[in-house]
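**Student:** Structure incoming, see below.
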Amino acid sequence: MSRGIYITANDKVSEQAIALLNSIRLHDRDTPIMMIPYDDNYQAIATTLANSFNVQVYPDLDFIERLSQKLYTIFGKGFFARPNQFRKQACWFGEFDEFLYIDTDIVVFEKIIDNLDYLQEYDFLCCDYQHSGGIKNIFTPKVIEEGIFTETELQDIFNGGFWASKKNLITEQDLYDIFAECVSHPEYFDFSQKTSDQPIINYMLLKRIPRRFNIVCRPGKAPGSWAGSKHFQQQDYTLFDPNTNQKLQYLHWAGIKIQPGCPYWNIWKHYRYLGEENPPEDLPIPQPKTVWQRAIDKVTKVFN
């Protein structure tokens, strides 16, 4: 049985992809990793990741294009802020019998593929505390009011940036059926923060895969993972969660721009430049213009 890791990337997120791969390969030199192109601008990062980390490009690009086009047909152009996020659903049909999907705005602190051992008992894994914040960014209260999901089922909602499952548990037709079901009930979903795939994919998993497991629910719980959490403690270039007295498994900058001054910037920078002799100095963070500065800019444009 084959195991592997999928990521999505394009040239725009090259720096993030390198940081992620540096962290993965620090703990695991052998697990195969496959990149799903986020769009057509991926050749440069694909070359870098292949040469430095032995990352392969997803072989069936025709399927990815078919999935994208079908999505546009079902939902209509402009429905999602970032429709290409749905390309990660190609994981279900790739080469790995068991797979882990990881967003590029993540670094890991362990041999992360070992978490797939839980798939001996379950069919789907996640590892985050998304559920502790309620259903926002995924569902609206309508799903409770209309009995679509129970309160217990809603404890299984997850962040779409880190999850694992098994090949072919979801069929291509399942995807299209779920998309069609969701488009007829937009009132069920919370897109207020411009999420795209996360609400739809949570709906699909809650409906189609009953044997789910959130790793943070293991005995003794598991550490947090969101970079917006301020209480993590740094030891060397890993982080510890004092709430569980455990080392973090991974850190996810979900919803946070990775730049100098962002939470745990030094952690990200360490992994981005791991093995490089002279990492660049931090650039100053651009400051938002004041109302007065914006007014001056408008006047300048009028007279230039």
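The values are calculated or read from the model by the stated rules, or taken from the named source; none is laboratory data. Small disclaimer: the values here were computed from a predicted structure and weren't measured. FYI the Cβ positions are ideal-geometry reconstructions off the backbone, even for glycines, and counts take in every protein chain you see.
**Student:** Hey, among the residues in segment 127-149 that are among the aliphatic types (A, V, I, L, M) and buried (at least 18 other Cβ atoms within 10 Å of the Cβ), which one's nearest to Gln198 (Cα to Cα)?
**Tutor:** Ile138
**Student:** Here's another thing I want to ask about it. Would you confirm, using the coordinates I've provided, whether Ala81 is closer than 26 Å to Gly255 by Cα and at pLDDT below 95?
**Tutor:** Yes; evaluated as a whole, the condition is true for this residue.
**Student:** Taking Leu169 and the conditions (1) closer than 27 Å to Ile267 by Cβ; (2) part of a loop (DSSP other than H, G, I, E, B); (3) touching a residue at least 24 places away in the same chain (Cβ under 8 Å); (4) not aromatic (Phe, Trp, Tyr), which numbered condition does it fall short on, given that it satisfies the others?
**Tutor:** (1)
**Student:** Further, regarding this structure: Starting from residues that are surrounded by fewer than 20 Cβ atoms within 10 Å (Cβ to Cβ) and without any contact (Cβ under 8 Å) to a residue 60 or more places away in the chain, keep the ones in segment 117-126 and report whichever is nearest to Asn10 (Cα to Cα).
**Tutor:** Result: Asp117.
**Student:** Pull out all pairs, ordered by first then second residue, where Cβ-Cβ is under 6 Å, the residues are six or more apart or on different chains, the first lies in segment 250-263 and is more than 24 Å from Ile112 (Cα to Cα), and the second is part of a loop (DSSP other than H, G, I, E, B) and among the polar types (S, T, N, Q).
**Tutor:** Filtered contacts from segment 250-263: no entries.
**Student:** Tell me whether segment 273-289 contains one or more residues that are more than 28 Å from Phe189 (Cβ to Cβ), touching a helix residue (DSSP H, G or I) at 6+ places or on another chain (Cβ under 9 Å) and surrounded by 14 or more Cβ atoms within 10 Å (Cβ to Cβ).
**Tutor:** The answer is yes, given that some residue of segment 273-289 is more than 28 Å from Phe189 (Cβ to Cβ), touching a helix residue (DSSP H, G or I) at 6+ places or on another chain (Cβ under 9 Å) and surrounded by 14 or more Cβ atoms within 10 Å (Cβ to Cβ).
**Student:** Select from segment 183-202 the residues that are free of Cβ contacts under 8 Å to residues at least 60 places away in the same chain and in a helix (DSSP H, G or I) and list them in ascending order.
**Tutor:** Pro186, Glu187, Tyr188, listed by residue number.
**Student:** Identify the residue in segment 239-268 that is outside any loop (DSSP other than H, G, I, E, B) and out of contact with any helix residue (DSSP H, G or I) (no Cβ under 8 Å at 6 or more places or on another chain) and, among all such residues, is surrounded by the most Cβ atoms within 10 Å (Cβ to Cβ).
**Tutor:** His252
**Student:** If Arg87 meets every condition in (1) at pLDDT 95 or above; (2) under 20 Å from the mean Cα position of the chain (by Cα) apart from one, which number is that one?
**Tutor:** The number of the failed condition is (1).
**Student:** Return yes or no: is Arg82 touching a residue at least 60 places away in the same chain (Cβ under 8 Å) and touching a Pro at 6+ places or on another chain (Cβ under 8 Å)?
**Tutor:** So Arg82 does not fit the description; no.
**Student:** I would also like to ask the following. For segment 104-116, state whether one or more residues are under 29 Å from Tyr273 (Cα atoms), in contact (Cβ under 8 Å) with a residue 12 or more places away in the chain and out of contact with any strand residue (DSSP E or B) (no Cβ under 9 Å at 6 or more places or on another chain).
**Tutor:** Checked segment 104-116: at least one residue is under 29 Å from Tyr273 (Cα atoms), in contact (Cβ under 8 Å) with a residue 12 or more places away in the chain and out of contact with any strand residue (DSSP E or B) (no Cβ under 9 Å at 6 or more places or on another chain).
**Student:** Restricting the search to segment 14-34, which residues are closer than 22 Å to Lys269 by Cβ and of a type in the set (Asp, Glu)?
**Tutor:** Matches in segment 14-34: Glu15, Asp28.
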